[in-house]
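Computed from the coordinates by the stated procedures, all read-outs in this text should not be read as laboratory data. What you are looking at is a predicted structure, and each value in this text was computed from that prediction instead of being measured. Positions of Cβ are generated from backbone atoms using ideal geometry, with glycine treated the same way; all protein chains shown enter the neighbour counts.
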């Protein structure tokens with residue numbers, strides 16, 4: 001009988017993390033946020049709440065808040081495309 005090679009621990013931990021993460025829209029958005037919006041935008045604002053399809057993004061300052069508000073429709077489309085389902089209808093930004 002042949003023994004199989006051990007599987008890397010990282011694969012097991014990754015699988016466990018996926019199973020434990022909440023299946024709510026905010027958690028799904030937070031998981032893809034940086035990949036969708038890029039490092040610069042992700043460093044300036046982060047998704048902090050979601051209610052009835054409205055995603056609240058807390059920004060580092062008022063300029064970024066205004067900028068992301070203007071990009072809201074585009075970001076919403078990109079997020080929904082990345083998520084594979086229309087979870088976000090609108091983006092609301094605030095300064096935190």
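Structure notes:
- Fewest-first sequence of 90, 28 by Cβ atoms within 10 Å of each Cβ: 90, 28
- Spacing of the two label points (7 Å from each Cα toward its C-beta) at residue 94 and residue 30, in nm: 1.6 nm
- Relative to the longest principal axis of the Cα atoms of the chain, the long axis of helix 9-20 makes an angle of roughly 50 degrees.
- More than 16 angstrom apart: percent of Cα pairs within the range 22-95: 39 percent
- Helix 72-83 axis, angle to the chain major axis (alpha carbon atoms, nearest 10°): 10 degrees
- Per-residue Cβ neighbour rank within 10 angstrom, fewest leading, 9, 75: 9, 75
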